[in-house]
Structure formats: structure tokens, C-alpha cells
Amino acid sequence: MPLLLGVDTGGTYTDAVILDDVTDIVLAKAKSLTTRPDLAIGVGKAIDAAIAGAEVDATAIGMVSLSTTLATNALVEGQGGRVALIFIGFDPADVMRSGLQEALAGDPLIAVAGGHSHAGGEIVPLDLNALTAGLATLDESITGFAIAASFATRNPAHEIAARDLIRTRTGKPVTCSHELSSALGGPKRALTAVLNARLIGMIDGLIAAVESHLQSLRIDARLMVVRGDGALVSSDIAREKPIETILSGPAASIAGAAWLTGIADALISDIGGTTTDVCLLRDGRPKIDPQGARVGPYRTMVEAVAMRTTGLGGDSEVHVKEGLKGRLFLGPRRLMPVSLAATIQPDLVHKALDAAVSTGVPAVDGGRFVFPVWQGDPPIGGDKREQAVIDRLAQGPLRMGHAVTTRIEGPALQRIVARGHAMIAGVTPSDAAHVLGLSDAWDGDAATKALTLFAYQRSGAGERLAKNPEEMAAAVIAQLRKQTVDCLLETAFGEDTRDWGDNSAAQLTQHALTNAGLDRHDGLIRTELRLGLPVIGLGASAAAYYGPVGDRLGTDMELPSHADVANAIGAVVGQVAIQAKGSVTSPGAGRFVAHLLNGPAQFATQDAALSALEDALTQDAVAQAQSAGVPTPNVIIARDVQQAEIEGQPMFISADLTVTAQGRPRIAHDS
């Protein structure tokens, strides 16, 4: 009996499922808390529990597939390693484009002379001396490098030379922009390379954790990883290109939702601990975002499902907006729920909460806690304030007011959190769910105390936010549902074919008439607004939160069996799909340049250039698909030829080729 093991690692939970590949029956599923920094612990517990629940021999597992939201969460929350960007042949103003400066977030940039023309010819020689001098200015906090050269997709020679020098001198991971996208647009390619370099350590650690546990169980099966477009790739490719795993978890969830429900047309809403991901399913397939995946504030060049990802989840931070009514808002940052923190450090959490609640007034530090999450020796702070906070946390978790003793140390703590060295514990919707009896996974008493303390805060009118913890918890859950409705409406308005004029999807979602329609206002004007498709709710907490969301939107809310592990199911029901892309240009009459993977090559005819590029791309795509376990890939070739008509005759301008090699990976125990 060939068995499949699907694993999904999210910000809060790691899920595992065992699926019978013949009967398509879920034999067992399991959840375990995602354990940072040692992901292997949570991964191992989930896998072991699923295998035990299925009562099968681990060695019978023929394929393992992994999806994850770690990369998505890291970009939404501004986390990841510290990188250096090598910017070759660009103007200084180019760093201001495509959100590149924001993505760097103060990380170093080394500008170097070099670059090629649109046709692939060298404009300025690469200044390796300047690169060497720039590398000498960097410290050991740099975890990886990103390289972007002008028109590198037409000739990658300068990126390759810079990569070789950096690897020789530093031994650290290097990402070249031409390896991630064949499209033009240097600053956007640089942005994508920076984000990829920032994620390498995180995804490598996750894959290593899974591989290590599989080896300990003597599971000799291929490990696949879900890409952001839902296709499977080998773990080796995912290690090199972790940026392609952004939206991996949501993409797997979509596949899982379609498999679980059989519904061909729906909006899918997947709520996790950190984000809510909404996607339109048409004819059983999600749409691919033609502009590249957008996560948080960043628009990348990564092909992925057209997904709206919002920093809204069960573990979202609860804010109180300024104003007379003291309205709530959730996210985008994820906190450790107080109810979970109390299971890890019960004495610390309960003692601090009891003392704060007894005063009857809001706590100065918000009743929050700080948990260090590094392994081994404490990290080195970037300045003296960071170092002071790290030194205190080296003794273990602390109440916020003890971890940060002055106001000016607050930003230092935020930088430590952003680098993934610490987590803040505070009130979240998960705590509210414990107070209302919607969940009992963690410490409900701690949640009640935390919500009691949170309710002590005052609105602008001077009134307490709530009379008791139950009322406070109900307000938090109501706000989560409201923001979920907004996520779904914004997607629906954005995907609807009607011309809404100059109004954006976000503006339409917040419009007074939209709210009147949702309220079914019945006055001199009668209004009604409903979604035209059902909603498939996914995620461990979907059943607790999503029923009233469907009621508000006037549509069916589908909450399928195994919705809590749809992502892990989707991880093992997909196919490998490897794409290789390239272009042909014509710099002059009778000259055709095929921009091959190792550099440009000139040909005398258009057909010769196209044929050479097609052969090279096919060879590359097929080789990668075969290495990912597809014995005989199905090859699909797409040509997009741009021509202009001159005096009634067609004239070749350029051509873009895409070769896709796809198929199901071989399962190890197939006969």
C-alpha cells in the first residue's frame, strides 16, 4: 500500500497527514506546536503522531511533501537574515524603485560598476576591485548576499563572476537575480533576490529538520516542497530558491480544499496563526498572479497563486485605536498567545498577571512577556541597547517591563524580534477563543486574566474597553470576523469583472453602501449585498470563527472535514512543474540573439535562434523534473513572438519562450 506523508509547518502549528495513494483516504492526521528555533522538535512530534495514528510502518511511506507559511510570515512580519545587496551597473536612484530600499531595511548595499545592454553586450567592465573593497567593510552579522546586475537576464556573466568571488571570500549563500526570474526590471529583480537571500537560512533549517527526522525513522522517500504556484519541486531547489516557497502553504491549502470538497468555484479563506489568505477558485484551479506574488508590502517576480495575504490570524496582535470609542484592530504582527505562554512558563505568567489584575488599572507594559528563541549562545546586538535587552533575555523569558527598562529600548527589542531572536507574548484572538470556550488547547485561566487586564484600558471617552473578560473576548472575536469579511470582500471586488470606476477594491470594501448592503438596510432605500460564490473556510480555527462570516456575507460557508490540515493534504496531491524561460532578441537585420542560460549566442536566422533556445530550455526543464522524481515529464512549450509590420511585411522584434516539464513524482514503493 503506497503511502504519502504531507507536512505543513506554519507559524503556530506543524501539521502532518498520512494519505493512502490508492484509495485517497486520509488514514491519520496530527498537529504539534511549531518549535522555534529547533523546528525538528515540532516536525518530529507531528510526523510521529500521524504515523502512530495511521498504525502503519514508517518505511512504507513512498513520498513526503512539505508546505510552509514560514517564508510568507517572515516577509509579512519583516523577519529574516541580514543580507548585503551587490548592485551592478545601476544608477543610485534605482534603489528607490519597486520597494527595494524598504526591503533592504537598512541592510548594506554595495554599488559596483558593470552591467550589460538590452542585447546582452557588456557596457562597462565589472569592477571586481570595488566589490572586494566593499566586502571588506561588512561584519559577520551578514547571513547571505543578493546580486543584481543590469540586464542580467540578457547576459548573466557579471552576476556569475560576482557570485564566484563572494563565495570564495565568504563561503556564505549567494543569490543571483537571473536565477529567480528571466524578466526585465532590474530593481524588482534585485528586490526578489534580497528577499530570497534573507529566507535561505530559515527554509534550509526547516528542510534539514524534516530530512533529519525522516532519516531517524528510516523513511527512504523523496522529499518534495510545495512552490507558491502549487507545483512540487525538489528540496534541493527549495533550498536554493526559498523565495519560491512564499505562499507555499496557501497554495497547498487551495489544492487541499479542491480535493476535500470537489467544489470548482468558490472563494477560499485560510486562516492561520499569522495570516489570512484568500483566493478565487475557478473551474477547480486558482489563478496565477500575472504581476508576481505580492506578500505584505512587497511585489516580487515569483510566480504564485493570485492570493491576497493579510496579516490577520488567530495569533494576531490586538490593538486599541485612538478615539472616543476605543475600537479594536488586529495584526499584522503575530504574538505568542498568553494562553500558550502560560503552558511554557506558568509561574512567570500567572504571577505577573495576578499582580497586574489586582491593581484594577492597566499594566504599564500591557501585561506582555518576552521569550528568547535563539539556540546556543545569545546573538550579538547591533548596538548597546539591543545588547542590554539580549543580556537580560539570556536569563530566560521575562515580563515586558523587565526585558525593556526604558522607553528608548523599545525599538531595540523590536529589531531583535524582527531578526527572529525573540517573541512577544500578548493578547490575541486565540486567547479570546479560550475565554469564550471556542478553544481549550492551552491555559484558559491565563487567557481570562490577560483579557481582564486588557479590558482595564480606557477609550478616549474615559470608559473601560469592557466590563469583564467575556465581553472583551467577544469584542476581539467580533473584530476578527469583521476583518475576515473585509478580506473576502476585497478579493471579490478585485476579481469581479464589473468596471467599478476609479474605486479600488479596498475603497469599495469600506464604502458606506457596502456596509449598508451587508446590514440589509431596509428604509427609504433598501440595500442588500451578498457574495455570489460559496466560501471554503480552512485552518484549525476556521470552525470556531467562520460561521457568522458566511451569515454576514449571505453565502454558504463550507467547513470541510480535515479543513484543519488541508495544507498538509494539498502538499501531497500536487504535481511537479518545472519552468525554464528565455528570450530571443534582434539587435539588427540578420542578427538574432538567443539569451541562453550561460550567456547570449548569435544566429543568422530567427528559426535557428528560437530552435537553439527551445532545445536548451527543454533540456534544463526536463533535467530538473527528472531530478525531482518525474521519470518521463510531459513537456509543454509556449512561444510569445512580438512582431511589427513594416511596409506590409512582418519584422521580428523579440520572442519569449517558456518550457514546462511536469508530471507526478515517482513514489518510492511503486512496483
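The values are calculated or read from the model by the stated rules, or taken from the named source; none is laboratory data. Bear in mind that the values here come from a model prediction, so they are computed numbers and not experimental data. Every residue, glycine among them, receives a Cβ derived from its backbone with ideal geometry; neighbour counts consider all protein chains shown.
Look at Gly648 and say whether it is among the small types (Gly, Ala, Ser) and surrounded by 18 or more Cβ atoms within 10 Å (Cβ to Cβ).
Details: among the small types (Gly, Ala, Ser): yes; surrounded by 18 or more Cβ atoms within 10 Å (Cβ to Cβ): no.
Against the criterion (among the small types (Gly, Ala, Ser) and surrounded by 18 or more Cβ atoms within 10 Å (Cβ to Cβ)), Gly648 does not qualify.
Taking interchain pairs and intrachain pairs at least six residues apart, which have beta carbon atoms under 6 angstrom, with the first residue in the range 318-347 and under 18 Å from Glu471 (Cβ atoms) and the second surrounded by 15 or more Cβ atoms within 10 Å (Cβ to Cβ) and at pLDDT below 90?
Val320/Gly326; Lys325/Ser459; Gly326/Ser459
Do you know which of the residues in the range 262-275 that are out of contact with any Asp or Glu (no Cβ under 6 Å at 6 or more places or on another chain), touching a residue at least 24 places away in the same chain (Cβ under 8 Å) and not aliphatic (A, V, I, L, M) is nearest to Ala293 (Cα to Cα)?
So in the range 262-275, the residues out of contact with any Asp or Glu (no Cβ under 6 Å at 6 or more places or on another chain) come out as 262-263, 265-269, 271-272, 274-275.
Within this subset, residues satisfying the condition of being touching a residue at least 24 places away in the same chain (Cβ under 8 Å) are 263, 265-269, 271-272, 274-275.
Next cut, not aliphatic (A, V, I, L, M) only: 265, 269, 272, 274-275.
Working: Asp265: 22, Ser269: 17, Gly272: 19, Thr274: 18, Thr275: 15 Å.
The residue in question is Thr275.
I'm told Val64 meets every condition in (1) in a helix (DSSP H, G or I); (2) over 30 Å from Ala105 (Cα atoms) except one. Can you identify the failing condition by its number?
(1)
Restrict the check to the range 601-622 and report whether at least one residue is out of contact with any Leu (no Cβ under 7 Å at 6 or more places or on another chain), touching a residue at least 24 places away in the same chain (Cβ under 8 Å), surrounded by fewer than 18 Cβ atoms within 10 Å (Cβ to Cβ) and not small (Gly, Ala, Ser).
Yes, because at least one residue in the range 601-622 is out of contact with any Leu (no Cβ under 7 Å at 6 or more places or on another chain), touching a residue at least 24 places away in the same chain (Cβ under 8 Å), surrounded by fewer than 18 Cβ atoms within 10 Å (Cβ to Cβ) and not small (Gly, Ala, Ser).
Among the residues of the range 283-306, write down those that are of a type in the set (A, V, I, L, M, F, W, C) and part of a loop (DSSP other than H, G, I, E, B).
First, the residues of the range 283-306 that are of a type in the set (A, V, I, L, M, F, W, C): 288, 293, 295, 301-302, 304-306.
Hits for the range 283-306 are Ala293, Met301, Val302, Ala304, Ala306.
Taking Gly629 and the conditions (1) under 22 Å from Ala255 (Cα atoms); (2) without any contact (Cβ under 8 Å) to a residue 40 or more places away in the chain; (3) out of contact with any helix residue (DSSP H, G or I) (no Cβ under 9 Å at 6 or more places or on another chain), which numbered condition does it fall short on, given that it satisfies the others?
(2)
Mind checking which residues of the range 34-47 are touching a residue at least 24 places away in the same chain (Cβ under 8 Å) and either of a type in the set (Asp, Glu) or in a loop (DSSP other than H, G, I, E, B) (or both)? Can you show your working first?
Keep residues of the range 34-47 that are touching a residue at least 24 places away in the same chain (Cβ under 8 Å), which gives 34, 36-40, 42-47.
Thr34, Arg36, Pro37, Asp38, listed by residue number.
Looking at Gly80 and the list (1) buried (at least 21 other Cβ atoms within 10 Å of the Cβ); (2) among the small types (Gly, Ala, Ser); (3) outside any loop (DSSP other than H, G, I, E, B), which single condition is not satisfied?
Evaluating Gly80 over (1) buried (at least 21 other Cβ atoms within 10 Å of the Cβ); (2) among the small types (Gly, Ala, Ser); (3) outside any loop (DSSP other than H, G, I, E, B) leaves (3) as the failure.
For Ala418, indicate whether it is surrounded by fewer than 20 Cβ atoms within 10 Å (Cβ to Cβ) and touching a residue at least 24 places away in the same chain (Cβ under 8 Å). Before the answer, list the steps.
Numbers: surrounded by fewer than 20 Cβ atoms within 10 Å (Cβ to Cβ): yes; touching a residue at least 24 places away in the same chain (Cβ under 8 Å): yes.
Yes.
Report, by residue number, each residue of the range 13-33 that is in contact (Cβ under 8 Å) with a residue 24 or more places away in the chain, under 14 Å from Ala568 (Cα atoms) and not charged (D, E, K, R).
Those that are in contact (Cβ under 8 Å) with a residue 24 or more places away in the chain, under 14 Å from Ala568 (Cα atoms) and not charged (D, E, K, R): Tyr13, Thr14, Ala16, Val17, Ile18, Leu19, Val26, Leu27, Ala28.
Condition check ((1) out of contact with any Lys or Arg (no Cβ under 8 Å at 6 or more places or on another chain); (2) not aliphatic (A, V, I, L, M)) across all residues:
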site	(1), (2)
Ala566	yes, no
Ile569	yes, no
Gln575	no, yes
Ala580	yes, no
Gly590	yes, yes
Leu596	yes, no
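If I filter the range 83-106 for residues that are charged (D, E, K, R) and either within 30 Å of Asp220 (Cα to Cα) or in contact with a strand residue (DSSP E or B) (Cβ under 7 Å, 6 or more places away or on another chain) (or both), do I get at least one hit?
The initial filter retains those residues of the range 83-106 that are charged (D, E, K, R), namely 91, 94, 97, 102.
Next, only the ones that are either within 30 Å of Asp220 (Cα to Cα) or in contact with a strand residue (DSSP E or B) (Cβ under 7 Å, 6 or more places away or on another chain) (or both) stay: none.
No, there is no match, as no residue in the range 83-106 is charged (D, E, K, R) and either within 30 Å of Asp220 (Cα to Cα) or in contact with a strand residue (DSSP E or B) (Cβ under 7 Å, 6 or more places away or on another chain) (or both).
All but one of (1) on the phi > 0 side of the Ramachandran plot; (2) surrounded by fewer than 24 Cβ atoms within 10 Å (Cβ to Cβ); (3) more than 22 Å from the chain's Cα centre (by Cα) hold for Gly114; which doesn't?
Condition not satisfied by Gly114: (2).
Yes/no per residue for (1) at pLDDT 95 or above; (2) aromatic (Phe, Trp, Tyr); (3) not assigned by TED's automatic domain parsing to the domain that holds Asp127:
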| residue | (1), (2), (3) |
| --- | --- |
| Val56 | no, no, yes |
| Ala60 | no, no, yes |
| Val76 | no, no, yes |
| Val95 | no, no, no |
| Ser98 | no, no, no |
| Ala103 | no, no, no |
| Asp107 | no, no, no |
| Ile110 | yes, no, no |
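I'm told Arg282 meets every condition in (1) over 18 Å from Leu66 (Cα atoms); (2) buried (at least 22 other Cβ atoms within 10 Å of the Cβ) except one. Can you identify the failing condition by its number?
(2)
So, Thr343, is that one modelled with pLDDT under 95 and among the β-branched types (Val, Ile, Thr) or not? Let's see the steps before the verdict.
Details: modelled with pLDDT under 95: no; among the β-branched types (Val, Ile, Thr): yes.
No.
Please enumerate the residues belonging to the range 113-149 that are more than 23 Å from Arg419 (Cβ to Cβ), small (Gly, Ala, Ser) and assigned to a helix (DSSP H, G or I).
Passing the criteria: Ala130, Ala133, Ala136.
Of all residues being acidic (Asp, Glu) and either modelled with pLDDT of 95 or more or part of a loop (DSSP other than H, G, I, E, B) (or both) in the range 1-29, which is surrounded by the most Cβ atoms within 10 Å (Cβ to Cβ)? Just the residue, please. Outline the logic, then answer.
Restricting attention to the range 1-29, the residues satisfying the condition of being acidic (Asp, Glu) are 8, 15, 20-21, 24.
If we keep only those that are either modelled with pLDDT of 95 or more or part of a loop (DSSP other than H, G, I, E, B) (or both) too, we end up with 21, 24.
Numbers: Asp21: 18, Asp24: 11.
Checked the range 1-29; the qualifying residue surrounded by the most Cβ atoms within 10 Å (Cβ to Cβ) is Asp21.
Under 7 Å by Cβ, and 6 or more places apart or on different chains, what pairs join a residue from the range 165-183 that is under 11 Å from Ala148 (Cβ atoms) with one that is among the acidic types (Asp, Glu)?
Close Cβ pairs satisfying both conditions: Cys176/Glu159; Ser177/Glu159; His178/Glu159.
Only one of Arg294, Arg299 is over 27 Å from Leu19 (Cβ atoms), out of contact with any helix residue (DSSP H, G or I) (no Cβ under 8 Å at 6 or more places or on another chain) and of a type in the set (Lys, Arg); which? First the steps, then the outcome.
Values: Arg299 fails: out of contact with any helix residue (DSSP H, G or I) (no Cβ under 8 Å at 6 or more places or on another chain).
After applying the criteria, what remains is Arg294.
Kindly indicate whether any position in the range 97-117 is of a type in the set (D, E, K, R) and either within 24 Å of Gly249 (Cα to Cα) or touching a helix residue (DSSP H, G or I) at 6+ places or on another chain (Cβ under 7 Å) (or both). Spell out the reasoning first.
Start the filter on the range 97-117 by keeping residues that are of a type in the set (D, E, K, R), which leaves 97, 102, 107.
Then keep just the ones that are either within 24 Å of Gly249 (Cα to Cα) or touching a helix residue (DSSP H, G or I) at 6+ places or on another chain (Cβ under 7 Å) (or both); that gives 97.
Within the range 97-117, one or more residues are of a type in the set (D, E, K, R) and either within 24 Å of Gly249 (Cα to Cα) or touching a helix residue (DSSP H, G or I) at 6+ places or on another chain (Cβ under 7 Å) (or both).
Can you tell me which residues in the range 513-549 are closer than 16 Å to Ala266 by Cα and of a type in the set (Phe, Trp, Tyr)?
Tyr546
Tell me, which residue of the range 307-324 that is assigned to a strand (DSSP E or B) and under 16 Å from the mean Cα position of the chain (by Cα) is surrounded by the most Cβ atoms within 10 Å (Cβ to Cβ)? Steps first, answer last, please.
Taking the range 307-324 as the starting set, the residues that turn out to be assigned to a strand (DSSP E or B) are 307-310, 316-320.
Filter again for under 16 Å from the mean Cα position of the chain (by Cα), leaving 307-310, 316.
Numbers: Met307: 27, Arg308: 21, Thr309: 27, Thr310: 23, Ser316: 29.
Ranking the qualifying residues of the range 307-324, first place goes to Ser316.
Looking only at residues in the range 261-279 that are of a type in the set (A, V, I, L, M, F, W, C) and surrounded by fewer than 22 Cβ atoms within 10 Å (Cβ to Cβ), which one is modelled with the highest pLDDT?
Ile263
What residue, among those in the range 125-142 that are crowded, with 17+ Cβ neighbours inside 10 Å and within 14 Å of Leu109 (Cα to Cα), is modelled with the lowest pLDDT? Don't jump to the end; show me each part of the working.
To start, the set of residues in the range 125-142 that are crowded, with 17+ Cβ neighbours inside 10 Å comprises 126-127, 131, 134-135, 142.
Subset that is within 14 Å of Leu109 (Cα to Cα): 131, 134-135, 142.
Details: Leu131: 97, Gly134: 95, Leu135: 96, Ile142: 92.
If we take residues in the range 125-142 being crowded, with 17+ Cβ neighbours inside 10 Å and within 14 Å of Leu109 (Cα to Cα), then Ile142 is modelled with the lowest pLDDT.
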